[in-house]
1. Quick one: length gained pulling residue 6 to residue 25 fully straight, 0.36 nm per residue minus the C-alpha distance?
2. Quick one: what are the phi-derived ³J(HN,Hα) couplings along region 17-31, Karplus 6.51/-1.76/1.60 with θ = phi - 60°, whole Hz, x for glycine and proline?
Amino acid sequence: MTAPRAPKYSYPAQPGRPADRAVAAGLVLAVIAGLAWIGGMIYTIAGWSG
């Protein structure tokens with residue numbers, strides 16, 4: 001009697017898959033949002049001082 005096995009995939013994970021692109025796009029948007037937030041805080045503090 002043989003034991004059931006999971007199928008083996010002969011191809012490696014490719015970097016251009018849609019999920020990878022979505023994650024990369026999300027990270028880029030997060031960095032842009034973070035930089036915009038920091039810029040807004042600097043603008044706000046500069047406005048308070050003068």
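1. Going from the current span to full extension adds 3.6 nm.
2. Each residue of region 17-31 in turn: 5, x, 5, 5, 5, 5, 5, 4, 5, x, 5, 4, 5, 5, 5 Hz.
Computed from the coordinates by the stated procedures, all read-outs in this text should not be read as laboratory data. Quick caveat: nothing in here was measured; it's all calculated off a predicted structure.
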